[in-house]
There are 2 protein chains.
Amino acid sequence: MDSATAREQALDAAEKLFYGRGIQSVGMDDIRGASGVSLKRLYQLFPAKEQLVEAYLERRDVRWRGRLASYVEREADPELRILAVFDWLQEWFGEADFRGCAWINSYGELGARSERVADQVRAHKRAFRDYLASLVAGAGRPDALTGPLFLLAEGSMVTAGITGSTRPAAEAREAARSLLAAR
Amino acid sequence: MDSATAREQALDAAEKLFYGRGIQSVGMDDIRGASGVSLKRLYQLFPAKEQLVEAYLERRDVRWRGRLASYVEREADPELRILAVFDWLQEWFGEADFRGCAWINSYGELGARSERVADQVRAHKRAFRDYLASLVAGAGRPDALTGPLFLLAEGSMVTAGITGSTRPAAEAREAARSLLAAR
DNA sequence: AGCAAGGGAGAACGTGCGTTCTCCACGTGG
DNA sequence: CCACGTGGAGAACGCACGTTCTCCCTTGCT
């Protein structure tokens, strides 16, 4: 097995376990067991657990925003694209392994301790917010709408994570529609 | 020192440390050092760390909702009471030791592992949501407003926690005002 | 064949921490 | 004055886990 595939398998296992059970409760040995990558190899690829965590968050960030963008871009109408964000959230919340927002959870777990994790969480949320801003601008709407839409999205993620329901996405979508209609 | 004051001192230290640094990174010995309550006494009062965590979350829940309610109730106008929630959030976010919502953070840290913690988080959020619902009802507004207002509040808590800014409260207040005006 | 390099399995090491135990000082009732 | 219970300080214990090390096998090259 070459380094590239070992790295991918390690990250696959890390993502599944870190996201599903939390970062601190997953040991390097769990990653080894789930990935089939030996400890020696793991430590060659990621010299410490923290770097595996960072790689996990980074790869998930790229994929998460990619999935969102490709869903939203299937919608042509710029106004509806904004609402499509909430439709996608609803799909995400409904996935069997959904356990809330990985970055919000990681921040709760490690934000107070690891500045690098905190930075990654801030970067991810800033990127998401910037993406929302681009959709708002694309619809020719005032930038002041971005903040509220972002807060609705964040609120729905955290609430869906805690309650396990997809309903917050629908509520947020409805509120977003109302905000868009008001101005 | 009698049991009651020892218990309070232990909980004071636990709250300060758990909230400030996260639960898992605070040891029982840290609690002993910060509270002046010996380990022996700590384990008499709370037979395991998990029970100290539960007591911490429970006491904080009572105090948090009490502070919110007493702030809101200073406002007489039922419509403005709804907005007062967001004013209070802004004050809270501005406190020097503010580090996000204790329950959201705890859920990220332990929600996947401890069903009791997860239950307490859900109970706290449900109570907060019910309180918002009572304010909406008190203003004679449709119950459908509760969900969006709750999501705005949750989004502002999580965002203020991550970014360290009070601005999300003002954005959420403005969005809430807009939603209230729309219907 | 012989051998160096790399990799796997898993033991070993060090540390942190939840929990319990030991030892001792102190106060109180006989 | 003495037995005794309470409580404090902190050592001790057990375990989990991050990280490293040992041992052995495979593989590819000469």
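The values are calculated or read from the model by the stated rules, or taken from the named source; none is laboratory data. What you see is a predicted model; the values in this text were computed from it and never measured. Note that we place each Cβ from the backbone using ideal geometry, even for glycine, and neighbour counts take in every protein chain shown. Heavy atoms of the whole protein, side chains included, go into the accessibility calculation; ligands, DNA and RNA do not. Shrake-Rupley method; radii C 1.70, N 1.55, O 1.52, S 1.80 Å.
Which one is farthest from the other protein chains (Cβ to nearest Cβ), of the residues in the range A:69-97 that are free of Cβ contacts under 8 Å to residues at least 24 places away in the same chain and acidic (Asp, Glu)? Checking each candidate, the answer is A:Glu73. Can you pull out the residues in the range A:32-52 that are closer than 26 Å to A:Cys101 by Cα, small (Gly, Ala, Ser) and within 12 Å of DNA strand D (Cβ to nearest atom)? Listed by number, the residues that qualify are A:Gly33, A:Ala48. Within the range A:136-146, the set of residues being open to solvent by 20 Å² or more (accessible area, probe 1.4 Å) and part of a helix (DSSP H, G or I) comprises A:Ala137, A:Gly138, A:Asp143, A:Ala144.
Within the range B:27-68, the set of residues being outside any helix (DSSP H, G or I), within 29 Å of B:Phe128 (Cβ to Cβ) and in contact (Cβ under 8 Å) with a residue 12 or more places away in the chain comprises just one member, B:Phe46. Apart from one condition, B:Ala14 fits all of (1) within 14 Å of chain A (Cβ to nearest Cβ); (2) in a helix (DSSP H, G or I); (3) in contact with a Ser or Thr (Cβ under 9 Å, 6 or more places away or on another chain); the exception is (1). Could you tell me whether the range A:32-52 includes any residue that is out of contact with any Ser or Thr (no Cβ under 9 Å at 6 or more places or on another chain), more than 18 Å from A:Arg116 (Cβ to Cβ) and surrounded by 20 or more Cβ atoms within 10 Å (Cβ to Cβ)? Yes: one or more hits. Of all residues in the range A:147-161, none satisfies being open to solvent by 20 Å² or more (accessible area, probe 1.4 Å) and modelled with pLDDT of 95 or more.
Scanning the range B:53-75 for residues that are open to solvent by less than 70 Å² (accessible area, probe 1.4 Å) and either within 12 Å of DNA strand D (Cβ to nearest atom) or β-branched (Val, Ile, Thr) (or both) returns B:Val53, B:Val72.
Would you check if A:Gln90 is part of a helix (DSSP H, G or I) and either among the hydrophobic types (A, V, I, L, M, F, W, C) or over 30 Å from A:Gly140 (Cβ atoms) (or both)? Judged against the criteria, A:Gln90 is not a match. Of the residues making up the range B:98-120, those that are more than 7 Å from chain A (Cβ to nearest Cβ), more than 12 Å from the chain's Cα centre (by Cα) and crowded, with 17+ Cβ neighbours inside 10 Å are B:Leu110, B:Gly111, B:Ser114, B:Val117, B:Ala118. Put simply, of B:Arg32, B:Arg59 the only residue that is more than 16 Å from DNA strand C (Cβ to nearest atom) and away from chain A (no Cβ under 14 Å) is B:Arg59. Among residues belonging to the range A:163-183 that are facing chain B (nearest Cβ under 7 Å) and open to solvent by less than 10 Å² (accessible area, probe 1.4 Å), point out the one that is nearest to B:Arg177 (Cα to Cα). Of everything passing the filter in the range A:163-183, A:Leu179 is nearest to B:Arg177 (Cα to Cα).
Considering only residues in the range B:8-31 that are within 12 Å of DNA strand D (Cβ to nearest atom) and within 20 Å of A:Ile23 (Cβ to Cβ), the one that is most open to solvent (accessible area, probe 1.4 Å) turns out to be B:Gln24.
Within the range A:121-132, the set of residues being surrounded by fewer than 23 Cβ atoms within 10 Å (Cβ to Cβ) and either within 24 Å of A:Leu52 (Cβ to Cβ) or away from every other protein chain (no Cβ under 13 Å) (or both) comprises A:Arg122, A:Ala123, A:Lys125, A:Arg126, A:Ala127, A:Phe128, A:Asp130, A:Tyr131. Out of the residues in the range A:130-172 meeting the condition of being more than 16 Å from the chain's Cα centre (by Cα) and charged (D, E, K, R), tell me which one is farthest from A:Cys101 (Cα to Cα). Residue satisfying both the conditions and the ranking: A:Arg141.
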